[in-house]
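Structure first, then comments.
Coordinate-derived values only; no laboratory data. Values in this document were obtained by computation on a predicted structure and should not be read as measured data. Every residue, glycine among them, receives a Cβ derived from its backbone with ideal geometry; neighbour counts consider all protein chains shown.
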Amino acid sequence: MEREKDLMMMENEELRNKLYCAEREMGLLKGEIMEKRDFLAKANSEMSEAILAHQMEKMKWQEARKQDERQLTRNKIELAIGKNYVKEIKKEHKGLKAQVDYLQQVKVCLCLLSLLFEL
């Protein structure tokens, strides 16, 4: 009986030691899990910040592209207006050249007439 009691006490002591080791190991694992959780939370936060920064940069580039497209449209409009203006100037130049040619012919005629009447 005494022997059984001693065996049970030894067994209880072994079980207590195993329980203590298991609790200690569980505490260590819990600590590791918490460290990993904190690490993952920090990594997740950094990734979220990077994604947000990327989205902001993308929005800036999209806005810059829109502004470039608007400027390109303005430039095309100004070019078209300039081309029309040049066409009008060329037409006006042709008209003025024709008038100059006509006036030169009139001048020649007047010179000839003045020579004819002076004789």
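Residue by residue, here is whether (1) assigned to a helix (DSSP H, G or I); (2) of a type in the set (Lys, Arg); (3) surrounded by 10 or more Cβ atoms within 10 Å (Cβ to Cβ) holds:
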| site | (1), (2), (3) |
| --- | --- |
| LYS5 | yes, yes, no |
| GLU14 | yes, no, yes |
| MET26 | yes, no, yes |
| LEU29 | yes, no, yes |
| ALA64 | yes, no, yes |
| ASP68 | yes, no, yes |
| THR73 | yes, no, yes |
| ILE77 | yes, no, yes |
| LYS107 | yes, yes, yes |
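State yes or no: is LYS58 within 31 Å of the chain's Cα centre (by Cα) and basic (Lys, Arg)? Break it down into steps so the answer makes sense when it comes.
Numbers: within 31 Å of the chain's Cα centre (by Cα): yes; basic (Lys, Arg): yes.
Taking the combined requirement at face value, the residue satisfies it.
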